[in-house]
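The values are calculated or read from the model by the stated rules, or taken from the named source; none is laboratory data. This is a predicted model, so every value here is computed, not measured. Cβ placement follows ideal geometry from the backbone for every residue including glycine, while neighbour counts extend to all protein chains displayed.
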Amino acid sequence: MARVAAIAADQSYTFSDYFNLNADIEDILGYFGYRVRSQILPLPQSDRPLSRLSDLAQRLSESLTHIGLTSEAARREFLIVLDRWSPTDNAEFYGAVTMGNIWQFGKLQREEQKIIQGLNLYRVPEDLELLMRNLIGILEANV
């Protein structure tokens, strides 16, 4: 039996349409010439002082009790970043998916046309300091 294409070449898609497709992530990425792999993903970390981290942790702890994790946005499990959408020449892009209290990172490697899905999950507020150091480290690495 012939396999149905994940993407119809004659159809236009919005970014949110990709989340509604009934297809494996490997098939969607394969259409664009990418492959995906899950692994431990070492992230850049900043060593700069994080002022007001405890204030942020407190505010987040209070706010997270008001966030419902059953929304459609909370169920989205992946992030597709395609190099043709970026005006920069960076060889790598980092991306993050979050449900508010859980964060997961990925990295797109342009030349290899590969997306690495990080296996590490960062909890907020428990892992807030490490999460913030990673986010700042990613920004510093791309300056």
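Of all residues in segment 74-119 being assigned to a helix (DSSP H, G or I) and exposed (fewer than 12 other Cβ atoms within 10 Å of the Cβ), which is modelled with the highest pLDDT?
Applying the filter and picking the extreme gives W85.
Of everything in segment 120-132 that's farther than 20 Å from Q39 by Cα and among the charged types (D, E, K, R), which residue is modelled with the lowest pLDDT?
Restricting to residues being farther than 20 Å from Q39 by Cα and among the charged types (D, E, K, R), the top hit is E126.
Each row is one residue, and each column tells you yes or no for (1) within 27 Å of E140 (Cα to Cα); (2) part of a helix (DSSP H, G or I); (3) modelled with pLDDT under 80.
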position: V4; (1), (2), (3): no, no, yes
position: F15; (1), (2), (3): no, no, yes
position: I28; (1), (2), (3): no, yes, no
position: R37; (1), (2), (3): yes, no, no
position: L43; (1), (2), (3): yes, no, no
position: S46; (1), (2), (3): yes, no, no
position: P49; (1), (2), (3): yes, no, no
position: Q58; (1), (2), (3): yes, yes, no
position: G68; (1), (2), (3): no, no, yes
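For segment 128-135, indicate whether the set of residues that are surrounded by 16 or more Cβ atoms within 10 Å (Cβ to Cβ), part of a strand (DSSP E or B) and in contact with a strand residue (DSSP E or B) (Cβ under 7 Å, 6 or more places away or on another chain) is non-empty.
no
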